[in-house]
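Working notes, beginning with the structure itself.
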Amino acid sequence: MDGFAKAIARSIANARADDGLVYAINGPWGSGKSSAINLICRHLEASVKPNELEIVSFNPWWFTSTVALTLAFFQEMRVTIGKSLSDQAQEAMATMGSKLSSAGPLLGGLAAIFATPAAGAAVAGGATLIEKLTRSDASVTKQHKILVEALREQRKRFVVVLDDIDRLSRDEALQVFKLVKSVGRLPNIVYVLAFDAKLAAEMISESFPGEGFSYLEKIIQASFDLPEPDFDDLKQKLLASISEIIGDLPDEKVTAFGNLFFDAVMPLIKTPRDVVRLVNAFGLTFPAVKGEVDAADFLALEAMRIFTPTVHQAVRSNPSMLTGRQPEGGQNRDGLKERYDQTFLGGLDRDEKEIAQRSLRRLFPRMDAVWANTWRTGDEGWDRNRNVCSSKHFDTYFSLSVKNSAIKALESNDLIENAGVAGATKERLLRYLGQTKRNGGSRASLALEELRSRAADIPEEAVETFLKDVFEIADTIDIESDHGRGMFDIADNSLRIHWLLNRVVFDRFALEKRSEMMRATLPSASLSWSVSLSDRLHRSNDNDDENSSRRELMVDDDTAKWAYGLSLDLLRTAAHDGTLIERHDLMSLLFRWRDRAGLDEARQWTDEKLASTEFVVAAARAAVKTSWSQGMGGFGFLGDTVSTRHIFVELEPYREIVDIDRLRSRVDELLASDQINDEQRATLRKFKDTPEREPRSAVND
């Protein structure tokens, strides 16, 4: 929307308006025309000097008749445009106004509006301004010419904004178009009209059959259809607004909220006004029942009430068909389905039926027995969670029922063009790291994906310089917010760099060249990335692997061994200077150290470091894990659209690398002492309070 508004503002600012111009913003009700107008005005005010352009906003729907509308229009013209004109030009404007109204009383109003010293002299001479206007035989053409000459002499332009014309009655809308047509060809006046062209054409056709669109075309020089709203923008706006009302959700409710949001709410949101309507309604009703209902259920029902009221009424009127585990017996499935279809889906079109059916299945699980032949045996905590499908809580939901990114081409080209400039890729990725995407995470992830898609465009001679930059900051840009969540989104920025490396090096160059490039670039790598990449190179050259005969080598054996040793040197250096303790992937790095140097060396270091408060806190922090799960669905059940987060402590798999019994004792000692700061105490307390995962076989992560 902002780009659309900026383009129109730029067009208005640069257009020649020697004979006047009329722009039209076309869009259906609720599509964001007013927002577009506001953005256009904001961009105009920012780009044009005040003494060169003035914006005049006129709201025609404030007035209740064509007479009042015309009077108000010319009054606004006088206050803004007329004040800079000569007396003669103001009288010419008044005369034109009088010609546009067939209502006699209007002339008295115009006389009051356009009174000038010249008009006062005429009154003093025995003739009122009204008499002067009514007796004047001057043609509209002559008055128009006077205005044209007066407006052409000044440099300042006026942008007259008329919004929501399609909200007027037929006669009022016609009067607005008539007013614009009469003064729309005046120099240095640009009109910006906002309306639904289809509705406007229909209103015009009622008075002038067959002239709807052609009538508009005679008035308007530039017409723009409002762009379709971006789904992600609507989603993010709605989520942000709803989150402010709901507050933080418990982790165990995030998945259910996401399922309902995407299946029952977002399919009903088509325009920015839809977002506003739902947020306004939800903001009024939900606070009254917060804590008594499930927020996701209540939101879905509010969306249903606003956008599919017949379905909402059917739900409200038939709790016995919806609550509990299963439909009542005694009916065959076909008869049961027909009854439910008629009750809840009757009168809906195909798309509305599909949305309503998914929404009802999410809200009332027993509906799966009707529409998916899937029967439930338990209530799955519906009473405890105060879901609408619980007969105990159903009525609460209706007690107040009366009362919603990408890397630009310029940025992409900039990344490619500067790939061979030392430090350039690093600087750009760090800059993108500080830029947040609309849906969370940083734009660095987008930049890595963009580079991957354009890897072939990076010149061969630029590859080594490019990789040195990427490798140097690989650990820095591998941030938590860019990690994928759930079964179907496993990517993080480290993995994205591996994918990028495939395209830039391993898919393009022969073995000898690949080995040469790795030797040239790996010394620049940060610790975790050096370990990750050398592990990968080592595995590809592992002759003991049963699949090694079918695997293409990534580098030659000597380079793989060299990279493995290089990463061990980095691990030992980090252990010696204390920076290893600061790593967020401490536990994983300890295993990698064990793989390279043997268990004794890594275990000796951790045994020594358990005397260090910093290590105990770091190990406790690393032991608190987060995982995400996502239901697959199938067998008649709907899968999850949003992952569920699980937080747990996992120590047992690391017993060989860390003395976990001593670690637990050290945590207790420190918590009982006054030797730690508040942040350290919070970390240790979280470790103690977080449930421990059931023991499983030792891991090697």
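The numbers here are math on the coordinates, done by the rules we state, and not lab data. Predicted model, so just to flag it, every value in this text is computed and none were measured. Cβ coordinates were reconstructed from backbone atoms using ideal geometry, including for glycine residues, and neighbour counts include every protein chain displayed.
Details
- Using a Förster distance of 22 Å, the FRET efficiency for Lys392-His646 (Cβ separation, nearest 0.05): 0.15
- Straight Cα distances below 17 angstrom link Lys513 to the lysines Lys468, Lys561, with same-chain residues fewer than 8 positions distant left out.
- At full extension, Ala491 and Glu614 could sit 41.2 nm farther apart than now, given 0.36 nm per residue minus the alpha carbon distance.
- About its Cα centre, the range 405-507 has a charge dipole of approximately 420 debye under the convention of +1 per Lys or Arg Cβ and -1 per Asp or Glu Cβ, with nothing else charged.
- Counting Lys and Arg as +1 and Asp and Glu as -1 over every other residue whose Cβ lies under 12 Å from the Cβ of Glu608, the net charge comes to 0.
- Separation of the range 503-521 and the range 381-396, taken as the distance between their Cα centroids, equals 61 angstrom.
- Percent of alpha-carbon pairs separated by more than 18 Å within the range 181-305: 64 percent
- In terms of its alpha-carbon gyration tensor, the range 509-577 comes out oblate; a/c meets the 1.5 threshold, while b/c is at least as large as a/b.
- The range 509-577, dipole about Cα centre (Lys/Arg Cβ +1, Asp/Glu Cβ -1), debye to the nearest 20: 220 debye
- Lys/Arg +1, Asp/Glu -1 at C-beta; the range 509-577 dipole; positive extreme among Val555, Pro523, Leu566: Pro523
- Taking Cα centre as origin and charging only the Cβ of basic (Lys, Arg, +1) and acidic (Asp, Glu, -1) residues, the dipole magnitude of the range 219-291 rounds to 320 debye.
- Spin-label model distance (nm) - Glu292 vs Glu512, 7 Å beyond Cα toward Cβ: 8.0 nm
- Between amide H atoms placed 1.01 Å from N, distances below 5 Å from Val56 occur with Val159, Val160, Val161, all of them 5 or more places distant or on a separate chain.
- At R0 = 45 Å, FRET efficiency that the Cβ-Cβ distance of Glu669 and Asn38 yields, to 0.05: 0.15
- Scanning residues 5 or more positions from Gly20 or on other chains, those with amide H under 5 Å from its amide H are Asn188, Ile189, with H placed 1.01 Å from N in the peptide plane.
- Whole-percent pair-distance distribution, where bins are 5 Å wide, for the alpha carbons of the range 405-507: 2, 13, 26, 27, 19, 8, 3, 1
- Sorting 186-194, 21-29, 210-218 by average packing, meaning the other beta carbons within 10 Å per residue, from highest down gives 186-194, 21-29, 210-218.
- Three-way shape call for the range 266-398 based on the alpha-carbon gyration tensor, with the a/c threshold at 1.5: oblate
- Nearby lysines by direct alpha-carbon distance to Lys270 (threshold 28 angstrom, same-chain neighbours under 8 apart not counted): Lys6, Lys33, Lys198, Lys235, Lys237, Lys253, Lys290, Lys353, Lys403, Lys408, Lys437
- Normalised by the number of residues in the range 266-398, the mean separation of alpha-carbon contacts (under 8 Å, six or more apart) gives a relative contact order of 31 percent.
- For the range 40-58 and the range 260-312, distance of Cα centres in Å: 38 Å
- Arg170-Ala222 FRET efficiency (beta carbon distance; Förster radius 30 Å; 0.05 resolution): 0.75
- Charge dipole of the range 143-227 about the Cα centre (unit charges at C-beta), most positive-ward option of Val148, Pro227, Pro209: Val148
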